[in-house]
Structures are given as structure tokens and as C-alpha cells.
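Written below as C-alpha cells is the structure these notes are about.
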Amino acid sequence: MTQSKLDQLCVTTIKMLAADAVEKANSGHPGMPMGCADLAFVLWNRFLTLSPDNPSWVNRDRFILSAGHGSMLLYAMLHLSGFDVSLEDLKQFRQWGSKTPGHPEYGHTPGVECTTGPLGQGTANAVGMALAAKMAQAKLSRSDWNPLDHNIFALVSDGDLMEGISSEATSLAGHLGLSNLIFIYDSNHISIDGSTSLAFSEDIAKRFEAHQWSVQRIDGHDHEQIQQALDQAVKETQKPSLIIARTHIGHGSPNKQDKSSAHGAPLGEQELKKTKEHLGWPSDESFVVPEEVRDHFAKLQQRWKQTQTSWEQRLTHTQESDPAWATRWNSHWEKKIPADLYQELLSHVSEKDEATRILSSQTQQHVAALVPSLVGGSADLASSCKTWINDSKEIQKDQFEGRNIHFGIREHAMGAMINGMSLYGGWIPYASTFLVFSDYVRPAIRLAALSHIQSLFVFTHDSLHVGEDGPTHQPVEHIPSLRLIPNVQVLRPADGMEVAACWTMALQKKDGPSCLILSRQTLQGVARHKTFEPEQILQGAYVVWENSQDPDIVLVASGSELALAMEVTLAMTQRSLTARLVSAPCLEVFAQQPETYRQRVLPRAKPTVSIEMTQPDGWYRHLGPKSLAIGVEEFGASAPGQRLTQEYGFTSQALETKIWDFYRKNAS
């Protein structure tokens with residue numbers, strides 16, 4: 001068998017594994033895997049270096065399937081390449097408990113680099129990975145060796161490039177000159193509803209050239225053109241690369257090639273049989289992998305293994321000969337956090353009345369000194385969010401040794417990019433903007449939570465106290481909406497001590513994202529009970545003050561409203577009530593505490609009132625049957641913050657009256 005015939009046999013195997021799996025599941029997208037099989041084969045066979053035995057090997061090339069609906073293409077390649085994805089796993093495509101879900105999920109399937117499916121997110125993940133790689137190279141490369149000489153490849157679709165997030169991300173990638181980033185654009189001209197010409201007519205080449213990318217056009221089924229284009233892209237040293245590959249969706253299907261019916265539904269029993277006959281494939285068999293194909297991919301795995309072994313030997317030698325570099329290398333990839341981090345941060349806490357964004361900035365400087373892997377930036381709001389690392393440089397083209405990133409006014413891409421940085425490894429990345437713009441970042445927060453990755457989101461200007469900017473900038477529903485996302489840790493500190501605790505909790509949570517919610521306005525300090533210990537804050541909610549261990553009424557607040565809640569608590573005692581004040585900087589952490597602790601802090605049998613300047617309904621899940629959640633249930637207005645607190649009833653007098661009426665109705 002000649003090499004060209006073997007190549008074609010491999011390509012047909014990829015196509016038919018995908019088509020068979022979709023047909024068996026009676027669900028999925030066969031057209032994209034069939035149309036991109038040639039691209040995937042050439043990329044895997046001649047350009048990627050992977051590690052099936054150790055999928056997290058740091059010097060592997062990264063491949064992101066941004067077009068996650070074509071997941072069977074990736075699963076077929078992982079199976080053939082020796083990853084822990086069996087033929088039986090392919091047969092269980094889209095079934096309960098399988099390794100092969102409908103869209104790729106990071107941490108679920110070995111070899112999947114990021115969770116994709118929401119179009120455009122993968123493109124920005126890839127840009128984040130490429131930036132993370134450039135920064136890691138700047139920090140860890142030696143004069144005699146670059147241990148991180150890999151590239152970031154992404155297969156993107158028409159849908160990815162229609163989504164606005166991709167324009168944000170590729171604009172920044174071009175500005176930064178991320179030459180280690182290569183996009184392969186599956187230009188098949190088909191979307192779910194028909195031809196892309198129904199709604200998409202822009203010149204993609206000109207768009208990417210305007211974004212300062214290197215652009216090539218090829219026939220996506222011509223192996224020589226694919227190889228030449230990838231060769232040129234890999235050699236590019238100044239710009240990221242886009243390869244526009246004209247492909248045919250459902251390639252090889254006699255009646256569904258180039259039709260939208262091949263996009264999101266099985267070929268159908270009869271069309272699948274005709275396709276197999278057309279491609280010279282056994283029409284009465286499914287999930288066929290010829291021995292020649294097995295042998296070919298076995299040789300590919302052997303080549304990868306030799307490359308990895310040589311690299312590991314070089315790493316061992318370098319670590320032994322340069323212990324200082326070895327310490328830096330290991331600390332970086334382990335994302336080390338000092339065991340006494342909280343105590344260190346507490347030793348620098350300011351007791352001044354300050355906005356928590358300022359207190360957080362002060363704490364962040366100490367975090368940065370103790371945690372070298374902390375990096376990040378803002379969406380053109382560093383001066384407002386106060387998230388600049390003072391003793392570090394800014395990232396610019398050919399200057400990747402700093403820790404401060406200018407994302408520009410690109411919140412959508414910023415969130416997905418820091419997810420890519422987290423997925424790349426070696427960094428604990430953060431992104432910052434105003435809380436109201438968490439709406440723009442929310443898809444990335446959700447995917448970080450789903451992927452169980454550590455991404456930090458610092459949101460400031462947390463309430464109606466934003467004031468004169470008006471309701472467009474005043475968050476009302478944002479804090480509870482973030483709390484609704486599973487596996488997200490929402491942290492809202494009230495003073496310097498809680499800021500230190502919230503940074504500690506965020507850095508300790510490795511399996512999901514954390515959102516720090518900070519105030520624009522100055523907050524008054526709170527005097528805590530004499531029995532208070534700082535470690536109590538790390539339990540998510542704790543007793544700040546009480547005048548009885550069996551109080552008549554319990555008040556609970558977070559962040560900006562804690563000092564106000566203290567005033568109201570003291571007012572309750574003037575009405576001859578015993579009272580308790582609870583601070584709840586993180587309800588998610590509090591919910592994980594033992595039931596005995598939660599009942600001790602917030603006894604469900606007691607009349608309990610929550611005070612938070614947000615949409616209040618979410619509080620009731622944490623309170624007992626005799627409870628009142630005081631919040632804001634409408635959008636704000638443009639006026640000074642002090643006037644808004646009066647108009648919306650967040651004064652001590654207004655709250656005292658409302659809570660007293662509630663208590664009289666609920667006292668047993």
C-alpha cells in the first residue's frame with residue numbers, strides 16, 4: 001500500500017468512526033467531522049506532539065476543538081492516537097456515564113484541552129493558552145534551552161467566527177503578536193439553518209489581516225496544501241496565523257455533502273450505507289479500524305514517546321545542574337500557595353475605613369509577593385478596580401515577562417482568556433471589571449465552573465452606591481445570579497480582615513472559579529465580639545456580635561451592608577431584644593460546613609433577617625421559616641449614593657422599623 005492510499009484509509013476511518021457513533025446515538029453532528037477529517041489527520045500525523053500516557057505533559061502541543069459540536073472528530077482522533085478512549089467509549093457516544101459526551105468536557109475525557117460547545121469560547125480559550133505559553137517561556141526559558149517550544153492549535157468554525165467574542169480575542173492576539181497560535185478555519189459555508197450566506201458575508205481574510213494575523217487560503221481536503229500551510233504557520237515568528245480551509249460538510253456523503261442536513265443530525269441508515277459504499281468501506285459493519293491504520297497510529301505514538309522521553313531527560317539534567325531554576329520551575333507548575341497565607345495576609349490588614357476595592361488592592365500586593373503564579377488584568381479598568389500588581393511590568397508584544405495584562409474593553413474575551421490561561425497550567429489568572437459587567441463574563445464563569453478550573457474574577461462597584469452613573473451601572477441581580485451557578489464561590493468581604501479571608505478562600509479553591517465582590521464606596525469597620533477568632537471567617541459565615549447565645553432575633557448581612565446591619569442590630573437591643581449579627585462573606589463555603597455549625601450560626605427556628613442590597617429571593621434557602629430577606633427588587637436610578645440608600649430603604653431607621661414589624665409578627 002502506498003503512503004497516499006494509507007493516508008486516505010486513515011481519513012476514511014476517522015470519517016466513518018464519527019458517522020457510526022452519531023448514527024448509533026441517533027444524535028450528533030456527523031458533517032463537521034467528515035469535512036475536517038483530512039485537516040485533523042495531517043495535523044495529528046505531521047505537526048502535533050502529544051502524550052497519550054500523560055495527557056498533562058507540559059510541553060505537549062495544545063489542540064482546541066472550538067467547534068465543539070464536532071466532538072466525534074476529536075474522540076476518533078484520541079482513540080486512534082492511544083488515549084484512554086476505547087472503541088466501546090465511541091460506541092457510547094452521548095450516553096449516560098460515557099467518556100464521550102455530546103460536546104468535549106475538560107477533565108472528563110483524557111486529551112480534551114478545554115470544554116467547548118458554546119461557540120466562540122474555544123477561540124478565546126486558545127488565545128489565553130497562547131498568551132500563557134508566551135509568559136511561561138519568558139519566565140522559565142534558559143539561554144541554552146527553551147523547555148516550552150510547543151504551539152497552540154485551534155479548529156474553529158463559521159459559528160465561532162460569527163460570535164463577537166472571537167473578534168475581541170483575535171484582536172488582542174494580533175496586538176500581542178502571539179505567533180505560537182494557529183487557527184484552522186473550517187470554512188464549509190453551512191450552518192444549522194442553511195448556507196452561511198443567509199447572515200454572514202464578511203471577508204474573514206481581511207478581518208484577520210486587520211487584526212494583524214498571517215492569513216492563508218487552502219483546499220481543506222488537499223493534504224499537500226494543508227501541510228504547506230501548517231509549515232508556514234509554524235515558522236511564523238511575528239503574528240498569529242489563520243488558515244482558511246475550504247471544506248465540504250459531510251464530505252463523502254453522496255446526498256448530504258454540502259447540505260445543512262449533515263450538520264446536526266445523523267446521516268440516516270440508508271445514507272450512511274451509501275456513504276460507506278461510495279468510500280469503499282464495508283457497508284454492513286460499524287466502528288471498523290483497519291490494522292494498517294492501527295499500525296500507522298502506533299508508530300505515531302512511538303515517535304511522540306521518543307520526543308517526550310528526550311525532553312524529560314533534558315529536564316532532569318537541567319534540574320540537577322541548576323537547583324534554583326528547578327525550584328522556580330516546580331513552584332510555577334504546582335501553583336504553590338504558602339500554608340500560612342492567611343496569617344501572612346492578616347499581618348498586613350489595614351484597620352482604616354476604606355472601600356473594599358482599595359483594601360483588596362493592598363492585600364493583592366502581598367498575595368502577588370507570596371504567590372508568583374498570580375497574573376491578570378482588567379478590561380481597561382485597572383485604575384478603578386485597583387487590580388494592578390505594583391511591582392511588575394505590563395504585558396506587551398515581545399514583552400511577556402510581566403504579570404499585568406491589558407485586556408482592553410473586551411470583557412467577553414477576557415473571561416474566556418483567563419480560563420485558557422488556567423487550563424494551560426502554571427498560572428492562577430484573574431480578570432477584573434465592574435460587577436454589572438459580569439453579565440459579559442458570565443459564559444466564561446459558567447464554563448470555568450463546569451470545567452472545575454481555578455479562575456479568579458474581581459468585580460467592583462458592587463451596589464446602588466455606584467450612584468450617579470445610574471441603573472445601567474448599578475448591579476441589582478448580579479450577586480444572586482452568580483450564586484446560582486453551581487461550583488462558583490462568591491466572596492463579598494466587609495472589611496480588611498474579610499478581604500484577607502476572601503483572597504485566601506479564592507486561592508485555596510482549586511476546582512472552580514471564585515468571584516470577589518468589592519465596594520466602590522468607603523465602608524465603616526465593624527467591632528467584633530470578644531470571642532471572635534479570624535479563622536471563623538474561613539467558614540463562610542460567622543457570628544460578628546451578639547448579646548445572648550439564645551437571641552430573640554438574628555440579622556445577617558454581607559459586604560457593604562454589614563456595618564449598617566450592625567447599627568440595626570444595636571437598635572434592636574434598645575427595644576429590649578437580644579440579638580445576633582452574622583456576617584456571610586461566602587454562602588457557598590458556609591453551605592459546606594457541618595449542619596451543627598450552620599444551625600449554631602443561623603438557627604432556623606429563630607426570626608432571621610438578611611440585609612443585602614441585591615435581589616433578595618436567593619437568601620431564603622439559607623434562612624428558616626421565620627425569615628425576611630431585605631433587598632432591592634427594581635433597577636436603581638441616577639442620583640448620589642446617599643440619596644439612593646434613603647430612597648430604597650437602606651438606612652438604619654428604615655430598616656429598624658421594618659425589622660421590628662417583622663419581629664412582632666413572628667415572635668413565638
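General remarks:
- The stretch 92-230: translational diffusion in µm²/s, Stokes-Einstein, Kirkwood Rh over Cα pairs, 37 °C, 0.692 mPa s: 194
- Paramagnetic reach from Glu468 (point 7 Å along Cα→Cβ, amide N under 20 Å) across the stretch 338-374: 355
- Cα gyration tensor, the stretch 466-520 - rounded (a/c under 1.5), prolate or oblate: oblate
- For the stretch 462-573, the share of alpha carbon pairs falling in successive 10 Å distance bins from zero is 12, 40, 34, 13, 1 percent.
- The equivalent ellipsoid of the stretch 357-502 has semi-axes of 22, 18, 16 Å, largest first, where each one is the square root of 5 times an eigenvalue of the Cα gyration tensor.
- P(r) histogram, all alpha-carbon pairs of the stretch 192-245 included - 10 Å bins from 0, percent: 23, 42, 29, 6
- Of the trypsin sites (Lys or Arg not before Pro) found in the stretch 468-538, the ones in coil according to DSSP and having at most 15 other Cβ atoms within 10 Å of their Cβ are Lys510, Lys530.
- Local electrostatic count at Ser392 - Lys and Arg +1, Asp and Glu -1, tallied over other residues with Cβ under 11 Å: -1
- Taking a quarter of the surface of the Cα convex hull of the stretch 556-617 gives a mean projected area of 4.7 nm².
- Computed over the stretch 76-128, the convex hull of the alpha-carbon atoms projects to a mean area of 3.9 nm².
- For the chain, the solvent-accessible area works out to 38 Å² per residue, with a probe of 1.4 Å and every protein chain left in place.
- Degrees separating the helix 269-278 axis from the principal Cα axis of the chain, which is the longest one: 40
- Normalising the average separation of contacting C-alpha pairs (under 8 angstrom, six or more residues apart) by the number of residues puts the relative contact order of the stretch 77-195 at 21 percent.
- Within the stretch 266-324, GluC sites (Glu not before Pro) in DSSP loop having at most 12 other beta-carbon neighbours inside 10 Å: Glu285
- Computed about its Cα centre, the charge dipole of the chain is approximately 700 debye, with only Lys, Arg, Asp and Glu carrying charge at their Cβ.
- Fully extended contour minus Cα-Cα distance, from Asp661 to Glu209, at 0.36 nm per residue: 156.1 nm
- Nearest-20 debye value, the stretch 83-130 charge dipole, Cβ charges on Lys, Arg, Asp, Glu: 140
- Here the spin labels are modelled as points 7 Å beyond Cα on the Cα-Cβ line, and at Arg328 and His175 they lie 2.8 nm apart.
- Normalised convex hull volume, the stretch 493-635, alpha-carbon set, Å³ per residue: 124
- Against the chain, whose longest principal axis comes from its Cα atoms, helix 164-176 is set at around 80 degrees.
- Between helix 3-25 and the chain there is an angle of about 50 degrees, using the helix long axis and the longest principal axis of the Cα atoms.
- Contact order for the chain, expressed relative to its length and based on alpha carbon pairs under 8 Å spaced 6+ residues apart, stands at 11 percent.
- Global form of the stretch 36-109, assessed from the alpha-carbon gyration tensor, a/c cut-off 1.5: prolate
- Diagonalising the gyration tensor over the Cα atoms of the stretch 553-668 and scaling each eigenvalue by 5 before taking the square root yields semi-axes of 23, 18, 12 Å, largest first.
- Against the rule of thumb 2.2 N^0.38 Å, how large the Cα Rg of the stretch 64-104 comes out: 1.04
- Sparse-neighbourhood loop sites, chymotrypsin sites (Phe, Trp or Tyr not before Pro) in the stretch 623-668 - DSSP loop, at most 14 other Cβ within 10 angstrom: Phe635
- Value of relative contact order over the stretch 564-668, rounded to a whole percent, pairs C-alpha under 8 Å and six or more apart: 25
- Signed unit charges on C-beta, dipole axis of the stretch 1-137, positive-most listed residue Trp57, His69, Ala133: Ala133
- Residues whose amide H falls under 5 Å from that of Val582, counting only those 5 or more places apart or on a different chain, are Val544, Leu555, Val556, Ala557, with hydrogens built in the peptide plane.
- Computed from the C-beta positions of Gln270 and Asp149 and an R0 of 41 Å, the FRET efficiency is 0.25 to the nearest 0.05.
- Residue-averaged 222 nm ellipticity for the chain, from DSSP H runs of 4+ at -39500 (n - 2.57), nearest 500: -13000 deg cm²/dmol
- Rounded to 5, the percent of DSSP beta bridges in the chain classed as antiparallel: 15
- Cβ-derived FRET efficiency at R0 60 Å, His278 paired with Glu401, nearest 0.05: 0.65
- About its Cα centre, the stretch 102-172 has a charge dipole of approximately 340 debye under the convention of +1 per Lys or Arg Cβ and -1 per Asp or Glu Cβ, with nothing else charged.
- Accessible area (Å², 1.4 Å probe, nearest 10) - Arg575: 80
- Heavy-atom accessible surface of the stretch 408-498: percent carbon and sulfur, 1.4 Å: 60
- For the chain, the spread of Cα positions along the three principal axes, ordered from largest to smallest, is 94, 60, 45 Å.
- Shape call, the stretch 277-338: gyration tensor on alpha carbons, a/c limit 1.5: prolate
- Kirkwood hydrodynamic radius over Cα pairs of the stretch 319-379, then Stokes diffusion coefficient at 4 °C and 1.567 mPa s, in µm²/s: 95
The values are calculated or read from the model by the stated rules, or taken from the named source; none is laboratory data. Just so it is clear, the model here is predicted, and its values are computed rather than measured. Ideal geometry is used to build each Cβ from the backbone, glycine not excepted, and the neighbour counts take in all protein chains shown. The accessibility values were calculated without ligands, DNA or RNA, using every heavy atom of the protein model including side chains. Shrake-Rupley method; radii C 1.70, N 1.55, O 1.52, S 1.80 Å.
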